[in-house]
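A short write-up of the structure that comes next.
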Amino acid sequence: FADFDTGHTGFIHDAQLDPFGQCLATASADGHIRLWDVRKPEAPAFLTDLSAHCAAVYQVAWAPPATGVLLASASSDGTLAVWGRRA
């Protein structure tokens, strides 16, 4: 990947590619998760901002493809969020 501006206003604690290598999720100290289309790694395209947490997001993890398009996030506010849709 080329260096690119993620738009986060805090430190990025985690970044995970989906199982197909097409979507990158970034988790930040600003409490947001941002999703990126990385099918063209030289020019990642912003998809959306997920913002249900009230504090830093430390980790994100994609579910196995058989469960649908699901992303879990863990925050220092003590919450776990599951984002996405089931197959």
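The values are calculated or read from the model by the stated rules, or taken from the named source; none is laboratory data. On a predicted model such as this, the values are computed, not experimentally measured, just so you know. In this analysis, Cβ positions are derived from the backbone assuming ideal geometry, glycine residues included, and neighbour counts consider all displayed protein chains. Surface accessibility is based on the protein's heavy atoms, side chains included, excluding ligands, DNA and RNA. Shrake-Rupley method; radii C 1.70, N 1.55, O 1.52, S 1.80 Å.
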Can you work out the FRET efficiency for the pair residue 67 and residue 5, with r the C-beta to C-beta distance and R0 = 22 Å, to the nearest 0.05? 0.10
Mind computing the radius of gyration and Dmax over the alpha-carbon atoms of the chain? Å is fine for both. 12.3, 35
Positive end of the charge dipole of the chain (Lys, Arg +1 and Asp, Glu -1 on Cβ, about the Cα centre): tell me which of 76, 20, 41 has its Cα farthest that way. 20
For the chain, which whole percent of the accessible surface, found with a 1.4 angstrom probe, sits on carbon and sulfur atoms? 55
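Counting Lys and Arg as +1 and Asp and Glu as -1, each charge on the Cβ, what is the dipole of the chain about the Cα centre in debye, to the nearest 20?
Values: 5 positive and 9 negative charges, 75 e Å.
In total the dipole reaches around 360 debye.
For the chain, calculate the relative contact order in percent as a whole number, restricting contacts to Cα pairs under 8 Å that are 6 or more residues apart. Each step should come with its number before you reach the end.
Details: 204 pairs, mean separation 19.2, N = 87.
Relative contact order of the chain: 22 percent.
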